[in-house]
Amino acid sequence: MMGESFAWIQRASPVQWIAPHLRSRVLVAVVFLLALLFPVIHRNDADIDSAANALTYAALALGLNIVVGLAGLLDLGYAAFFAIGAYTYGVAASWQVAPEWTSFWETFQWLGLVARFHDSGGDVVHFQVSFWLMMPAAAALTAFFGVLFGAPTLRLKGDYLAIVTLGFGEIVPIVVRNTPSLTNGAMGLNGVMAPQLFGWSFGVDATPYYYVGLLLVAFLILTSQRLKFSRIGRAWMAIREDEIAAAAMGINRVKLKLLAFATGAAFAGATGTLFVAKLQTATPDMFGFPVSVMILVMIVFGGIGSVWGVVLGALILQMLQSWFLEDLSQWLQALGRLFGVDWLQRVELASSIELIFGLILVTMMLYRRDGLIPATRRVAALSLEQQSAPVTRGGFDSLRGLGALDQTLDRPGAGPLLEIANLTVRFGGLVALREVALGVPAHSVLAVIGPNGSGKSTLFNAMTGLVSAEEGSIRFAGAEILGRPPHAVLERGIARTFQNIRLFPNLTVLENVLVGMHARLHTGPLGALLRLPATHREEAAARERAREILAVFGNRLLPRVDHVTASLSYANRRRVEIARALASEPKLLLLDEPTAGMNPAETLELAEQIQSLHRLGLTIVLIEHKLDVVVNLADKVIVLDHGEKIAEGSPAEIRRDEEVIRAYLGRSAAIV
Amino acid sequence: MDPGLRRELGAAAVITPLLEFSGVDTHYGDLHVLKSVDYRIEEGEIVSLLGGNASGKSTTMKTIMGVVVPTAGEVRFDGKSLAGVSVAERVRRGIAPVLEARRLFPRMTVYENLEMGAYTRPRGPEFAQDLERVFTLFPRVKERLKQLAGTLSGGEQQMVAIGRALMAHPRLLCMDEPSMGLAPVLVEQVFDIIQTINRQGTTIFMVEQNANMALAIADRAYVLQTGQVVLSGAAAELRQNPMIREAYLGEMKVE
Amino acid sequence: MTAEAVLLQQVINGLSLGAMYALLALGFTLVYGILELINFAHFNVFMVSSFIGMGALELLGLSGQDTVLTGLALAGALAFAFIVTMLAAGIIGVVIERIALRPLRGVRGTAAMITTIGVSYILFNIILLTVGASSMNYPNPLPSVRWDVAGAVLELREVLIWGVSVVLMLGLHLFVTRTRLGKAMRATAQDPEAARMMGVDVDRVIVTAFFLGSALAGAAALIFGLYYNFTSFIIGYTAGLRAFTAAVLGGIGSVTGAMVGGVLIGLIESLGGHFLEVRWADVIIFSILVLVLVFAPNGLFGRATVTRS
């Protein structure tokens, strides 16, 4: 992403001798070095102070970007977490709370967390926990609050979540104001300790805070980047793009949303520590709605979801606020004096900064929603040569990890792999499925046919946990799966495609397939952050396997691995969806009209590929309207009409069944 | 007009079709849906549009109504181009839709749903006449005027949906899968009603999956596949065409 | 006062607050019903309108609570103020829709909602920069007429607030059930695509919803000023959040729900403030919002699905 955004640099000659894959790294190193040298070169304390503040906001923007940009959860009360972090350190390193001294505190005194202070009314405890200890501690505590707040609310639809977070953002300052014993209420915390390093106190000099801020931002950029391009980041983006599809591909939505919320909150908590240490005071007003909006404006301006974009957005807007607006006001005032215009002489742009933020927010939304540095990469269209490459026809001979079953399930007489009994699904008064029963033996292909609206897709939805059934049972590989959440169903080995194709439109073909592997990979947030050799190996193997799966479709998808799926043709989207399902190493594959929207040649090609999957041992249930496909692929056919199973048998038997002819094929008597 | 009479007249004079698509393309974002499609629907006909899911049938209906705007080509109604014509004006000129899956307004009464069908027309004697016509075709609808549409059965909903479209007093009725989700006996009823409406003088353009049924009552048909018309002609002939029998009637060779 | 009288007094106060929240909640619900969009600009359309109402009353030479009118003069002054405020508020709503929201129609995700936050913020800062941060004394021409009802005091302003609210809500109800445009509005809320296919000009319906919702917010704003005798740039968020809670409690998208929810929130605020401390009122109301959203997302009269399956 960096390489692309800064493509213009590559045209300048001095960078020519840097290897292309290193250029973005060199650029980052140069920027970081310049930032390190800034206070040494500039030496203006006021400017260094502004820069330190700007870094604080960049850190906040990075945190909000995890929540809003990656996971797609609009949080309008983000400043509340900032407040919790700030007050956590503020209370732990000030005179605000001073209980009477008892022997209980001696251990803490020995650890250096508290001091014994002689007061006129007796000895009291003075909290003086180290800044360096409190920064991670506050981050952890804020993350805990993030989980506490997120657990009940993250199930809400996006816009409701927004208003609940807005309320949360309003409530936290109110609670702070209403609990003066802990926070000194509206008067504000006083005498917060400055951080100390090897006995030297930071005091009020801006430079040390600048360096702490710089290191914090650098660390958070690294964290964001590593998370974004990991199993975790892909899962977040999948949830953002299509929650239902994400769940059906094995992503535990609640867990990952909570993780995003907690991560974002932790960023804010750590930043709050720095903020309060630098100011050495805090009042509830510092964490109101305007702060939440300002951070939102920063990430919208920089580019929602783009790590470098939001840092740039935060820095630019803060610089605008502290430097440029003042200069501009002075110029305008000078202009006013020159021409004798009274109101120009009184212009104070700095006070209208929030108005300007509002205007930026609306303008960006209307004219440049992707921000300064867009997060989505658009890859150039294929060359004519690539497009017209001959299409491979037919099936394939091998693909690893298909349909492998336990020995117990795979021996003769083990019973069907999937067994549905008495399944009834009701939507309001409408019966979508009535007492449906079916069995799918391992390694077989079952076709489900029936007119539109007969309940076929509902059957798939009930099997994959997307709709709840009124009664019945669905046993898969010997265990009941009815009532299990979608991600748990996928983990057990059932993967599906959707009739109206539910890909993650702004993710690439490769990323879509990698999301399909979510349940089979193990990298957690810590692994992604540390990038241990094991993580590296796992990721490389996953990419290798994703390409293998895409190769199933010959050269249809391989030249397009880095294209966002929104730019693909209808048939290719279907293929990516099947590839994504295969990536989860399913034991049972559910295909919902895989050939819809394909022409006869494409249909034949795909039918042969499905045939290959079957030959390689995969068990398949297929909803299909094209009966020639059904006849060629299926071992058995069931016919649904009005949510009821009206026939079951071999394709040939179904063809002869009078009721099927009447219900599904229509009143053929009229035409014969 | 009687289709037979129309055909005799057609031999004598060049008649402008009621609805004509010439070289129509449509896109959804990067997705190319209809690809240079031509249709020609004469006044008084029943024309069926057959094709699998995602072949572009519903897009055709949306293009006729003006909800989807063609990226190339032209749609003409009664000889006049529909480019830039609003949905309301199309309804006023005589095109009315029966939407896929009925799509009634569930928390409005049956009467209010019928009123919405006549949204573009003033209340007056014609409104009352059309209402009477709907009641004659569907006596059941009259019994349920005050009921909320969402509480009706599927068959009743389809009757209200057709009635709602008739309230626009259309010359062309565009039906998107009228048989969807209905019990076989109801499907036959609906198709009988469609024929009755057609005999009363309304031209019908119908998207259908139930190919046998659609071809049984249609004069002509088009077959759509991945956004292209791959086959068209008289319904009786298409019923004998091996390609359509294989692909859409399930007349496959049983080995 | 006896305990019963105190309670009755709180109910009277709660009904007045509730009438105001109900009017404000209707604006959220009308727009949400059609666009499934939480219109954050509504918060500050309300706030700006209170200043417009103040201007309208001052235009009549009224300021503070010293000039008291009676009879026809009072009726005329109030009618003028309500009409001017509601019209101006309605126009603000229409302008917001045309400039900031119509270009985003069909853009998926949170773009439209973020835009309304931006618009809200702009309105907020325009007032902050032009009027300033201090509270303004609100002109109030109402004479101090009061009745004793079982020991509690019923003032003329309460009766006025109830009267105006009932008339406006009845008017809205008649509009959506009896008029052609009102029916088109309900149809669009239930199935926008089908409504469009019937020939409904959906853009016109949306503009109407914004106009009506904002005009009702205008009425609520004037009521706020007459009730509290002050206004300030800050009133939008608190009142807005409570009104939104009312809309959710009643079932968002439901006109009846917004009315009932508004009255309930008003009663909860006044009785809650009576039994608990007033400074915790926002915490209580916010907790209700979260509890309703999590456990009864459809509210009392709603049908919208708030959670995803």
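Throughout, read-outs are computed from the coordinates displayed, never taken from laboratory work. Quantities reported herein were computed from a predicted structural model and do not represent experimental measurements. Cβ coordinates were reconstructed from backbone atoms using ideal geometry, including for glycine residues, and neighbour counts include every protein chain displayed.
Tabulated data
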read-out	value
Net charge, A:E624 excluded, C-beta distance under 10 Å - Lys, Arg +1, Asp, Glu -1	-1
Inter-label distance, nm, simple model (7 Å from Cα along the C-beta direction), C:S134/A:W132	5.1 nm
FRET efficiency estimate (nearest 0.05) - Cβ-Cβ, A:I174 to A:S120, R0 41 angstrom	0.75
Packing-based exposure ordering (other Cβ within 10 Å, fewest first) of C:L59, C:L123, A:L438, C:L216	C:L59, A:L438, C:L123, C:L216
Binned Cα-Cα distance frequencies in the range B:68-181 - 5 Å width, integer %	2, 12, 21, 22, 19, 11, 7, 4, 1, 0
Tensor-based shape of the protein assembly as shown (alpha-carbon gyration tensor, a/c under 1.5 rounded, otherwise prolate or oblate)	oblate
Descending Cα extents along the principal axes, the range C:237-276, whole Å	31, 20, 10
Percent of Cα pairs exceeding the 26 Å cut-off, where the set is the range C:1-154	43 percent
Kirkwood Rh (inverse of mean 1/r, distinct Cα pairs), the range C:95-207, angstrom	18.6 Å
Computed log₁₀ I(q)/I(0) - Debye formula, equal Cα scatterers, no solvent, the range A:412-510, q 0.15, 0.23, 0.24 Å⁻¹	-0.65, -1.34, -1.42
Percent of beta bridges antiparallel (DSSP, the protein assembly as shown, rounded to nearest 5)	65 percent
Shape call, chain C: gyration tensor on alpha carbons, a/c limit 1.5	prolate
Shape box of chain A [Cα atoms, principal axes, largest first, Å]	100, 67, 52
Cβ-defined net charge surrounding B:I64, 12 Å radius [Lys, Arg +1; Asp, Glu -1]	+3
Size of electric dipole in chain B: Cβ of Lys, Arg +1 and of Asp, Glu -1, about Cα centre, debye, nearest 20	640 debye
Which of A:T424, A:T153 has the fewest Cβ neighbours within 10 Å, and the rest in rising order	A:T424, A:T153
Cβ-Cβ FRET estimate between B:L145 and B:Q200, R0 fixed at 25 Å, reported to 0.05	0.70
Computed over chain A: relative contact order in percent, which uses C-alpha pairs under 8 Å that are six or more apart	16 percent
Simple Cβ-charge dipole of the protein assembly as shown, Lys/Arg +1 and Asp/Glu -1, about Cα centre, in debye nearest 20	1280 debye
Average other protein chain Cβ within 10 Å of Cβ, residues B:95-101	3
The range B:114-202 - percent relative contact order, Cα under 8 Å, separation 6 or more	36 percent
Ranked list, fewest to most other Cβ atoms within 10 Å of each Cβ, for C:K183, A:K255	A:K255, C:K183
Cα-based shape type of the range B:142-214, given that a ≥ b ≥ c are square roots of the gyration tensor eigenvalues and the cut on a/c is 1.5	oblate
Charge dipole (the range C:168-236, unit charges on Cβ, about Cα centre) - positive-most of C:V202, C:G171, C:A220	C:G171
Volume per residue of the C-alpha convex hull in the range A:175-332, rounded to whole Å³	173 Å³
Around A:P173: net Lys/Arg minus Asp/Glu count, Cβ-Cβ under 11 Å	-2
Antiparallel DSSP beta bridges within chain A, as percent of all bridges there, nearest 5	65 percent
Distance in nm between pseudo-label sites at B:L31 and A:L148 (7 Å out along the Cβ direction from Cα)	4.5 nm
All Cα pairs of chain B, percent lying beyond 33 Å	17 percent
Estimated inter-spin distance, C:D203 and C:Q65, nm [label 7 Å along Cα→Cβ]	4.9 nm
Which of B:L231, A:A314, A:A350, positive extreme of dipole for the protein assembly as shown (C-beta unit charges)	B:L231
Theoretical FRET efficiency, 1/(1+(r/R0)^6), r = Cβ-Cβ of B:N241 and B:I15, R0 25 Å, to 0.05	0.40
